[in-house]
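Data first, discussion second: the structure below is written as structure tokens.
The values are calculated or read from the model by the stated rules, or taken from the named source; none is laboratory data. This structure is a prediction, so every number in the text was calculated from the model and none was measured. Note that we place each Cβ from the backbone using ideal geometry, even for glycine, and neighbour counts take in every protein chain shown.
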Amino acid sequence: MARYIGPNCKLCRREGEKLFLKGDRCISGKCSFEKRSFAPGQHGKNKRFKVSEYGIQLREKQKARQIYGIFEKQFRNYFQKAERERGITGENLLKMLEQRLDNVTFRLGFAPSRKSARQLIRHRHFMVNDKIVDIPSYLVKKGDIIKVREKSKKLELIHNSMRKVKEGKQFPWLSLNKANMVGEFVDIPERSDIPVTINEKFIVELYSK
């Protein structure tokens, strides 16, 4: 399966905004987006071209994929599942993406980025309801308890990430016991609480064609 292995900062430049794909580096002076916020390529500085309606919809979908680190086929499967759920399709899609284990561990502060979270999950450093889960796409449910395995609590990557997290609720749908490195998925998040600059209506319009 193909996987993007190029510079993450180039993805941010392509979308014209920070996607926070590299953790702390994105909020430091080392972030290359601060120096080169224009799109990559020889025509990146050219702002005279007009983006079509389809282009706007496509870029919004690509931005969502890049933020959550999901392949095209997998993303489409999430969309199709969101269509079958009750409620607004676009909001259902984002709520589902927020339920992914790699995203939840990142939101709780167990990893500095979603990419790091995926790697840690695959190496079996986390447990859900006292069972080891090594599937990053595992969908966490309301009331699930996510915790760092005892032997993994001194892992430098996790330890350094946790040092920057405050106790309690960082997000309304999550609760964290920092001392014990235990988090709870309290409830499915509301769209207004999800801090991503994605216009999900464009994604729905794109897939509805």
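Would you say residue 158 is farther than 29 Å from residue 200 by Cβ and crowded, with 22+ Cβ neighbours inside 10 Å?
On the way: farther than 29 Å from residue 200 by Cβ: yes; crowded, with 22+ Cβ neighbours inside 10 Å: yes.
Against the criterion (farther than 29 Å from residue 200 by Cβ and crowded, with 22+ Cβ neighbours inside 10 Å), residue 158 qualifies.
Test residue 201 against the criterion of being within 30 Å of residue 56 (Cα to Cα) and either surrounded by fewer than 18 Cβ atoms within 10 Å (Cβ to Cβ) or of a type in the set (Gly, Ala, Ser) (or both), and give yes or no.
Numbers: within 30 Å of residue 56 (Cα to Cα): yes; either surrounded by fewer than 18 Cβ atoms within 10 Å (Cβ to Cβ) or of a type in the set (Gly, Ala, Ser) (or both): yes.
Considered against the rule, which asks whether it is within 30 Å of residue 56 (Cα to Cα) and either surrounded by fewer than 18 Cβ atoms within 10 Å (Cβ to Cβ) or of a type in the set (Gly, Ala, Ser) (or both), residue 201 comes out as yes.
Do you know which of the residues in region 148-186 that are more than 19 Å from the chain's Cα centre (by Cα), in a loop (DSSP other than H, G, I, E, B) and of a type in the set (Lys, Arg) is farthest from residue 92 (Cα to Cα)?
Filtering region 148-186 for residues that are more than 19 Å from the chain's Cα centre (by Cα), in a loop (DSSP other than H, G, I, E, B) and of a type in the set (Lys, Arg), the one farthest from residue 92 (Cα to Cα) comes out as 154.
Test each condition in (1) part of a strand (DSSP E or B); (2) under 28 Å from residue 65 (Cβ atoms) for residue 141 and report the one that comes out false.
(1)
Could you give me the residue pairs with C-beta distances under 6 Å whose first residue belongs to region 109-129 and is at positive phi, whose second residue is outside any loop (DSSP other than H, G, I, E, B) and buried (at least 17 other Cβ atoms within 10 Å of the Cβ) wherever it lies, and which are 6+ apart or on separate chains?
As it stands, the answer is 109/161; 109/162, since those pairs meet every condition given.
Hey, does region 192-205 have a residue that's in contact (Cβ under 8 Å) with a residue 24 or more places away in the chain and in contact with a strand residue (DSSP E or B) (Cβ under 9 Å, 6 or more places away or on another chain)?
For region 192-205, residues in contact (Cβ under 8 Å) with a residue 24 or more places away in the chain and in contact with a strand residue (DSSP E or B) (Cβ under 9 Å, 6 or more places away or on another chain): absent.
Of the residues 161, 175, only one is among the hydroxyl-bearing types (Ser, Thr, Tyr), at pLDDT below 95 and in contact with a Pro (Cβ under 7 Å, 6 or more places away or on another chain); which? Before you say what the answer is, go through the steps one by one.
Details: 175 fails: in contact with a Pro (Cβ under 7 Å, 6 or more places away or on another chain).
Among 161, 175, only 161 is among the hydroxyl-bearing types (Ser, Thr, Tyr), at pLDDT below 95 and in contact with a Pro (Cβ under 7 Å, 6 or more places away or on another chain).
Only one residue in 106, 79 is assigned by TED's automatic domain parsing to the domain that holds residue 201 and in a helix (DSSP H, G or I), so which one is that?
So the residue among 106, 79 that is assigned by TED's automatic domain parsing to the domain that holds residue 201 and in a helix (DSSP H, G or I) is 79.
Could you check region 187-209 and list, in sequence order, the residues that are of a type in the set (S, T, N, Q), part of a loop (DSSP other than H, G, I, E, B) and under 18 Å from the mean Cα position of the chain (by Cα)?
197, 199
So that you can scan it fast, the table gives a plain yes or no per residue for (1) modelled with pLDDT of 90 or more; (2) surrounded by 13 or more Cβ atoms within 10 Å (Cβ to Cβ):
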position	(1), (2)
1	no, no
31	no, yes
51	no, no
91	yes, yes
99	yes, yes
118	yes, yes
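Out of curiosity, is residue 195 surrounded by fewer than 13 Cβ atoms within 10 Å (Cβ to Cβ) and within 28 Å of residue 57 (Cβ to Cβ)?
Yes; evaluated as a whole, the condition is true for this residue.
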